[in-house]
Amino acid sequence: MDQETKVCQNCKKDFTITSEDFNFYEKMKVPPPTFCPDCRMMRRLAHRNERTLYRRACDLCKKESVSIYPPETPWPVYCTSCWWSDAWNVKDFSIEYDSGKSFFDQFKKLQTKVPRIGLLSLTSINSEYTNNSADNKNCYLLFAAEQNEDCMYGRLVQHCKSVVDGAWVYDSELCYECLDVRACHSCMFCERCQTSTGLLFCFDARDSQDCILSTNLRHAQYYIENKKYSKEEYLAKKQEILSSRESIEDAKKRFEELKTETIVKYAYATKCANATGDYLYNCHHSRFMFDASNTKDCAYMADAEDPVDFLDGNNVYYKPERCLDIMGTIQSYNSKFSTFLFYCTNVEYSDNMHNCNDCFGCIGLKKSQHCIFNKQYEKEEYEKLREQIIANMKERGEYGEFFSVKLSPFKYNETLAKDYYPNPDEEEIKTGTYGKENSKDIFACVDCKKNFKLTAAELDFYKHMGLPLPLKDFECRLQDRINKRNPRKLWHRQCMCDKSSHGHDGKCQNEFETSYSPDRKEIIYCEQCYQQEVV
């Protein structure tokens, strides 16, 4: 079938289903979606609470711990140790399928019965305030992060040491307020930099060291505002900038000016072929991808590593394959319309499943097979009932769509959805304290007025790096970083290069999909013109 234009049942905007999409839906044996890609992603994000944390008692051992669920939730919440223990059996919380009722109504009933794990944090040491994370040591307020040590206040920080206030930071050490950097050391206030050391307020620098307020550097040292200086001049400028909060703020303003004046490639993409989106690495034959690496034959995804033959996914890692419309998965296969699947195969409409195969409508199962609504069946009975449920869902128009926002166990503004699809009508979520600041160790954020503390570890870090204390709480600082990134949207544009030395007469005719909107001030180049200009 050729591509088809439909009207999204949620936002009422037109969207296109391509022939490639139709082929995939046919292979997965599902009807085409009735929501547009944006609304599909919004629904998935509304099921992921990363950073809104509460203190509450475990409903099994009664000990207090950190949780993503407040004390008033209608279902039991267990601490990590209890949830993984053998002290209870999740299949004791099963229900019988009723063909006369909506599948989603019955799933909601199951939600209120099954105990949930307080945090998704595995094998970490002294890292109580981390979530959707694993293998961290001495980390604090770190989210969607793995294999870090002595890191604080970050999201998507991976394989790092002593990184503070970072987002999308990989394989780096001793960095502060960095965004989209990889393999960097001792860098501060930098964006889109790789394999560099000692950078201060730099954008799109690679293989460079000891540079300040510069953009598009390659193999450079002692550059200030893209001009070569001596080592002594570089050190003097660095000392001048870091001498006070006011001089740092002045440098921030100058940095933003420099970014708007620089030449940028249409997409922050490396080693990609036939791929559209932004913040991409080694992506092939993939469309509408954001913050993705090592993808093949994928579309409509964000925060993805190594997926193959996968449409509609967020936060998917470790080679998931042949999956559709999933929020959060690790190494799963042939699964659909689910949240938080870990090493699963043939799982549909389920949540928080671990090492499970052939399950439908289940929550919280471990090492299970042939289950529906957490009830165990023989293989033949399971397959027959599964087909009956799908047929009933199709009759009601339920099958083929992700869980609605109303089925999320979280309030909208507790979830990642608010970061990308803010809704002013949603209830504001306030946690923590207000009006308790003092002159010693409790401060009030200059933006949201929420109180925040400074830990001994971060005070040592600020002293070591020669930095003033922050004036904002973690959430406001993170929102500032997120707002610096390009949106997860694409516009069709033409290269702005008009230099004849780049192999074209007059203006370059190359066109592309880019996350830089037409009203942006940056100079947008295609891959060829960008490489000739920068490299």
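The values are calculated or read from the model by the stated rules, or taken from the named source; none is laboratory data. This structure is a prediction, so every number in the text was calculated from the model and none was measured. When we count neighbours, we look across all protein chains shown, and the Cβ atoms used for this are built from the backbone with ideal geometry, even at glycine.
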Checklist entry - Where residues in region 255-284 are exposed (fewer than 14 other Cβ atoms within 10 Å of the Cβ) and not hydroxyl-bearing (Ser, Thr, Tyr), which of them is farthest from Asn226 (Cα to Cα)? => result Asn274
Next on the checklist: Taking the criterion of being of a type outside the set (A, V, I, L, M, F, W, C), touching a residue at least 60 places away in the same chain (Cβ under 8 Å) and at positive phi, would at least one residue in region 382-394 satisfy it?
Outcome noted: no
Next on the checklist: Exactly one condition in (1) farther than 17 Å from His464 by Cβ; (2) under 20 Å from the mean Cα position of the chain (by Cα) is false for Ile212; which is it?
Outcome noted: (2)
Next on the checklist: Considering only residues that are modelled with pLDDT under 95, hydroxyl-bearing (Ser, Thr, Tyr) and part of a strand (DSSP E or B), which ones fall in region 122-139?
Outcome noted: Ser133
Item to check | Filter result for the condition that a residue is in contact with a strand residue (DSSP E or B) (Cβ under 8 Å, 6 or more places away or on another chain), of a type outside the set (Val, Ile, Thr), without any contact (Cβ under 8 Å) to a residue 60 or more places away in the chain and in a helix (DSSP H, G or I), over Glu257, Glu249, Glu233, Glu240 | outcome: Glu233
Next on the checklist: Being modelled with pLDDT under 90 and either surrounded by fewer than 15 Cβ atoms within 10 Å (Cβ to Cβ) or assigned to a loop (DSSP other than H, G, I, E, B) (or both) is the filter here; which residues of region 522-534 pass it?
Outcome noted: none
Checklist outcome for this item: Filter region 187-231 for residues that are within 20 Å of Trp168 (Cα to Cα) and among the polar types (S, T, N, Q); the one that is surrounded by the most Cβ atoms within 10 Å (Cβ to Cβ) is Ser196
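Answer yes if at least one residue in region 177-188 is over 28 Å from Arg245 (Cα atoms) and assigned to a loop (DSSP other than H, G, I, E, B), and no otherwise. Break it down into steps so the answer makes sense when it comes.
Pass one, region 177-188, residues over 28 Å from Arg245 (Cα atoms): none.
No, there is no match, as no residue in region 177-188 is over 28 Å from Arg245 (Cα atoms) and assigned to a loop (DSSP other than H, G, I, E, B).
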Checklist entry - How many residues are closer than 11 Å to Gln376 by Cα and over 32 Å from the mean Cα position of the chain (by Cα) when one looks only at region 81-93? => result 1
Item to check | Candidates Leu142, Leu119 - the one that is in a loop (DSSP other than H, G, I, E, B), of a type in the set (A, V, I, L, M) and buried (at least 16 other Cβ atoms within 10 Å of the Cβ) | outcome: Leu119
Item to check | Residues located in region 149-186, provided they are surrounded by 20 or more Cβ atoms within 10 Å (Cβ to Cβ), of a type in the set (Gly, Ala, Ser) and either at positive phi or more than 21 Å from the chain's Cα centre (by Cα) (or both) | outcome: Ser162
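Here is a list: Ile212, Ile263. Which entry is among the β-branched types (Val, Ile, Thr), touching a helix residue (DSSP H, G or I) at 6+ places or on another chain (Cβ under 8 Å) and under 24 Å from Ile524 (Cβ atoms)?
Selected residue: Ile263, the only one of Ile212, Ile263 that is among the β-branched types (Val, Ile, Thr), touching a helix residue (DSSP H, G or I) at 6+ places or on another chain (Cβ under 8 Å) and under 24 Å from Ile524 (Cβ atoms).
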Checklist outcome for this item: When every residue in region 495-521 that is within 27 Å of Asp38 (Cα to Cα) and exposed (fewer than 15 other Cβ atoms within 10 Å of the Cβ) is compared, the one farthest from the chain's Cα centre (by Cα) is Glu511
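So is Phe410 of a type outside the set (Ser, Thr, Tyr), buried (at least 20 other Cβ atoms within 10 Å of the Cβ), at positive phi and not in a helix (DSSP H, G or I) or not? First the steps, then the outcome.
Working: of a type outside the set (Ser, Thr, Tyr): yes; buried (at least 20 other Cβ atoms within 10 Å of the Cβ): yes; at positive phi: no; not in a helix (DSSP H, G or I): yes.
Criteria not met by Phe410.
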Item to check | Set Leu454, Leu469, Leu459: member being over 30 Å from Asp38 (Cα atoms) and in contact with a helix residue (DSSP H, G or I) (Cβ under 7 Å, 6 or more places away or on another chain) | outcome: Leu469
Checklist outcome for this item: Conditions (1) in a helix (DSSP H, G or I); (2) in contact with a Leu (Cβ under 9 Å, 6 or more places away or on another chain); (3) free of Cβ contacts under 8 Å to residues at least 40 places away in the same chain -> Phe104 fails only (3)
Checklist entry - What is the number of the single condition among (1) of a type in the set (A, V, I, L, M, F, W, C); (2) touching a Leu at 6+ places or on another chain (Cβ under 9 Å); (3) under 30 Å from Lys238 (Cβ atoms) that Phe452 does not meet? => result (2)
Item to check | Enumerated strands (runs of 3 or more DSSP E) restricted to region 282-393, each holding at least 3 residues that are under 21 Å from the mean Cα position of the chain (by Cα) and small (Gly, Ala, Ser) | outcome: 284-293, 296-305
